[in-house]
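Colleague: Take this structure, written in structure tokens, and hold onto it; I'll ask about it next.
The values are calculated or read from the model by the stated rules, or taken from the named source; none is laboratory data. All values reported here derive from a predicted model rather than from experimental measurement. Here the Cβ is made from the backbone with ideal geometry for all residues, glycine too, and neighbour counts use every protein chain on show. What goes into the accessible areas is simple: the full protein's heavy atoms, side chains included, and nothing from ligands, DNA or RNA. Shrake-Rupley method; radii C 1.70, N 1.55, O 1.52, S 1.80 Å.
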Amino acid sequence: MSLALHGHHTLLIATFVFIAAVLIPNWYTAPNLQTKRNVFEICNTNPYACRWTLVPISGQISIEKILPLIAASAAVACAGLSLISLVLSSWYIQRFSGDIGSKWLLVLTILCILLSFLLSCIVWAIMLTTNLHQNDTNIKDIRLKDFGFSLWINIGASGSYFYTFFIYIIAICKNC
């Protein structure tokens, strides 16, 4: 029971940290300070104009429009799966017993946590590659100094999801 409770608390922290990291602005600032990217919007500073990544402007399909859309969609899916994992793990802790129903509940929780981990990794991996596909700079390498602390918070949340995944794996192996 204590492993499941520890995993639940870690999952709660990872969920709050991930949601906070996604909502905090200035994930990426271009070297010329003209473009600022967040998970849900891309802003140009001169003239100041922002566009939402979940609402495409035109019908043209390019990598510059698809990657932010994928990152934003993965962020929404990860936050949703994290909340579902919290509900399932809370339900497991509440009805903790040796019956097979609780084990299946724990397996569903583990699967949701694994998907949350993978989606959170997709979000920060796509945000890392944003400066590789820009038209306004000729920089073709990843410059970590252009990224804000939201990226690092998200990487920490991914690590917490990974840790929680192993805590629940140990808990299910201990109960079998």
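Colleague: Being modelled with pLDDT of 75 or more, open to solvent by less than 70 Å² (accessible area, probe 1.4 Å) and of a type in the set (A, V, I, L, M) is the requirement here; does residue 23 meet it? Give the steps one after another, and end with the answer.
Modeller: On the way: modelled with pLDDT of 75 or more: yes; open to solvent by less than 70 Å² (accessible area, probe 1.4 Å): no; of a type in the set (A, V, I, L, M): yes.
Spelling it out, it is not the case that residue 23 is modelled with pLDDT of 75 or more, open to solvent by less than 70 Å² (accessible area, probe 1.4 Å) and of a type in the set (A, V, I, L, M).
Colleague: So, residue 18, is that one out of contact with any strand residue (DSSP E or B) (no Cβ under 8 Å at 6 or more places or on another chain) and either open to solvent by less than 60 Å² (accessible area, probe 1.4 Å) or within 22 Å of residue 74 (Cβ to Cβ) (or both) or not?
Modeller: Yes; evaluated as a whole, the condition is true for this residue.
Colleague: Right, something else. Name the residue that is modelled with the highest pLDDT, counting only residues in region 112-131 that are under 16 Å from residue 69 (Cβ atoms), surrounded by 21 or more Cβ atoms within 10 Å (Cβ to Cβ) and of a type in the set (Val, Ile, Thr).
Modeller: 123
Colleague: Given (1) under 19 Å from residue 150 (Cβ atoms); (2) modelled with pLDDT of 75 or more, where does residue 30 come up short, assuming only one miss?
Modeller: (2)
Colleague: Now, a different point. Which residue pairs have Cβ atoms closer than 7 Å, lie 6 or more positions apart in sequence or on different chains, and pair a first residue in region 162-176 that is open to solvent by 40 Å² or more (accessible area, probe 1.4 Å) with a second residue that is of a type in the set (Phe, Trp, Tyr)?
Modeller: Listed by first residue and then by second, the contacts come to 162/117.
Colleague: For region 132-163, enumerate the residues that are farther than 22 Å from residue 40 by Cα and at pLDDT below 90.
Modeller: Scanning region 132-163 gives 138, 139, 140, 141.
Colleague: Hey, another quick one. Pull out all pairs, ordered by first then second residue, where Cβ-Cβ is under 8 Å, the residues are six or more apart or on different chains, the first lies in region 1-18 and is part of a helix (DSSP H, G or I), and the second is charged (D, E, K, R).
Modeller: So the pair list comes out as 3/174.
Colleague: Also, I was wondering about something else. Do you know which residues across region 33-69 are more than 23 Å from the chain's Cα centre (by Cα), modelled with pLDDT of 70 or more and not in a strand (DSSP E or B)?
Modeller: Across region 33-69, the qualifying residues are 33, 34, 46, 47.
Colleague: Evaluate the following for residue 81: is it modelled with pLDDT of 85 or more and open to solvent by 20 Å² or more (accessible area, probe 1.4 Å)?
Modeller: So residue 81 passes the test.
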